[in-house]
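What follows is a set of notes on a single structure, which appears directly below.
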Amino acid sequence: MSDPLAAVARLPGVPEAVDEARKSVDRLYRHRVLRRASPAVSTESSLRGARASAALSGADVTLEALRADEVGDPVVQGALRASAEVGRLGPTWRKAPRQVLARLHAVAAAGLVPADALGRPAVSGPRMEALFGLLETPTKAPAAVLAAIVHAELAVLKPFGSADGVVARAAERLTLVEYGLDPKSLVAIEVGHLEQDYEAGLKAYMTGTPEGVAAWVCQCASAVSLGARETTAVCEAMQRG
């Protein structure tokens, strides 16, 4: 059986970037604070991730405003709902990815499109079917590689025509959780994307060249490392009290 993701995982620069991402997550998971406060850290990571995802979609607000529930922007509210939904969708992601994406879109795009358009992809075809196949087929590639490809395909194909970026980033985090790199959903990977040139990375991927795909996967691996750094800072703040 062919394993296209394994080929991506061998592209120049990818093994090193993915290995560094894994080490970053391992270091985070060893933090003492997580022995007693892992759920609280995961919640904070989810909040920071939602804020960053909304910012990447053009709705930049402060964490303070989010905590005070002062933001009514539908993009921000959609990002918050999608981020919260990640924790409930994990077991379904491998078995029924279409159902999970429909649910993510339904919560992310509420208030942006008519109710009868929620969860209904406007785009289908061989490329979307190939993406579902990647999720449903065993691969030797690391979770970070699968997550990067899932993210890029959804962001590029824009299957729903609304809130696709928020859905893509939620799907990436969900993949990291369900496929074992970040099982407790601690890494604020969306923050890592916000700290880099996100659009340039997707443009590189869209070239379809090995170099462009490798550049995107390396950028996603870097986002994991940066997201782990963000969450480590949360742990340090909790430790200081």
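Surface calculation, 1.4 Å probe, protein heavy atoms: residue 209 sits at approximately 50 Å² accessible. Just to be sure I understand the curve: with the Debye formula and one point per C-alpha of the chain, what is log10 I(q)/I(0) at q = 0.09, 0.18 Å⁻¹? Computed log10 I(q)/I(0) values: -0.34, -1.44.
The charge dipole of the stretch 130-217, taken about the Cα centre with unit charges on the Cβ atoms of Lys, Arg (+1) and Asp, Glu (-1), comes to about 140 debye, rounded to the nearest 20.
Average accessible surface for the chain: 45 Å² per residue, computed with a 1.4 Å probe over protein heavy atoms with every protein chain in place. Against the compact-protein benchmark of 2.2 N^0.38 Å, the Cα-based radius of gyration of the stretch 1-108 scales to 1.32. Histogrammed with a bin width of 5 Å, the alpha carbon distances of the stretch 1-52 distribute as 4, 16, 14, 17, 15, 14, 13, 7, 1 percent, first bin at zero. Length, then width, then depth: along the principal axes, the Cα atoms of the stretch 117-168 run 36, 20, 15 Å.
From its DSSP helices (H runs of at least four residues, each -39,500 (n - 2.57)), the chain gives a residue-normalised ellipticity at 222 nm of -23000 deg cm²/dmol.
Taking 19 Å as the straight-line reach from the Cα of residue 184, the lysines in range (excluding those fewer than 8 positions away in the same chain) are 23. Quick one: check the C-alpha center-to-center distance for the stretch 28-51 versus the stretch 163-203, whole angstrom. Their Cα centres are 16 Å away from one another.
The dipole here belongs to the chain: it is taken about the Cα centre, uses +1 on the Cβ of Lys and Arg and -1 on the Cβ of Asp and Glu, and is about 800 debye. Computed over the Cα atoms of the stretch 58-101, the ratio of the radius of gyration to the Kirkwood radius (Rg/Rh) comes to 1.12. The C-alpha radius of gyration of the stretch 112-202, expressed as a fraction of 2.2 N^0.38 Å, stands at 1.12. Element breakdown for the chain at a 1.4 angstrom probe: carbon and sulfur atoms account for 55% of the accessible area. Pairwise Cα distances in the stretch 174-241 exceed 19 Å in 42 percent of cases. Only Lys, Arg, Asp and Glu carry charge here, each on its Cβ (+1 for the first two, -1 for the last two); on that basis the stretch 1-113 has a dipole of about 620 debye about its Cα centre.
The values are calculated or read from the model by the stated rules, or taken from the named source; none is laboratory data. Just so we're clear, the structure is a prediction, and the values are computed from it rather than from any experiment. Positions of Cβ are backbone-derived with ideal geometry, glycine not excepted, and every protein chain shown enters the neighbour counts. Just the protein is used for accessible areas: all its heavy atoms, side chains included, with ligands, DNA and RNA removed. Shrake-Rupley method; radii C 1.70, N 1.55, O 1.52, S 1.80 Å.
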